[in-house]
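Below is one structure, written out as structure tokens; comments come after it.
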Amino acid sequence: MKVFVYGTLMNEISEDGCVIKESIKSSSYKDSKKYTLSEINNDVTRIIFAKYRDSIGQNMYRFRGIFTLDREESLKQNKRIWVRTGTRHDLTKYFRD
């Protein structure tokens, strides 16, 4: 599992890239639970891009997939658990003819 820390957030990404575990760095169970529950009732789908640096040091973004929240697993683990549900996204609606 790969771990990435952004300020107060911590993301863990499975080796196969199919699961993202999102949590806050707080050691308080109450804070973690509040963070997890703040998204649990929303019907959210995320389009995820991973940031990386190319060979000349420029920031680039790579499409990683479409992810949806696994509510049941999020409640069990007290983290937001995002599961990849797709590897393609139709962008034609964003372009004009």
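Here the label points at Lys30 and Phe4, each 7 Å from Cα along the C-beta direction, are separated by 3.2 nm in the simple model. Along region 10-20 the Karplus relation, 6.51 cos²θ - 1.76 cosθ + 1.60 evaluated at θ = phi - 60°, assigns HN-Hα couplings of 10, 10, 10, 10, 4, 4, 7, x, 8, 9, 10 Hz to successive residues, with x for each Gly and Pro. Each of Arg96, Arg46 was scored by other Cβ atoms within 10 Å of its Cβ. Arranged with the fewest first, they read Arg96, Arg46.
Taking the convex hull of the alpha carbon positions in region 2-90 and averaging its projected area over all directions gives 6.9 nm². Figure the gain on full extension for Thr87 and Met60 (residue separation times 0.36 nm, minus the Cα-Cα span) and round it to one decimal in nm. 7.9 nm is the gain from fully extending Thr87 to Met60.
Calculate for the chain the 222 nm mean residue ellipticity that helices alone would give, adding -39,500 (n - 2.57) per DSSP H run of length 4 or more and normalising by residue count, nearest 500 deg cm²/dmol.
Taken over the chain, the calculation gives -5500 deg cm²/dmol.
Peptides 29-35, 64-70 ordered by packing proxy, namely the average of other Cβ atoms within 10 Å per residue, highest first: 64-70, 29-35. Take every Cα pair under 8 Å whose residues are at least 6 apart in sequence, average their separation, divide by the length of the chain, and the relative contact order is 23 percent. Derived scalar couplings between HN and Hα for region 57-70 equal x, 7, 6, 10, 10, 10, 5, 10, x, 9, 10, 10, 6, 8 Hz in order, rounded to whole Hz, by the Karplus curve 6.51 cos²θ - 1.76 cosθ + 1.60 (θ = phi - 60°), x for Gly and Pro. Legend: residue pairs Lys51/Lys79; Lys51/Lys93; Lys2/Lys93; Lys34/Lys93, Cα-Cα distance threshold 31 Å; pairs beyond threshold, Lys2/Lys93; Lys34/Lys93.
All of the numbers you see were taken from the coordinates with simple rules; none came from a lab. In this text the structure is predicted, and so the values were computed from the model without any measurement. We place every Cβ from the backbone using ideal geometry, glycine too, and count neighbours over all the protein chains shown.
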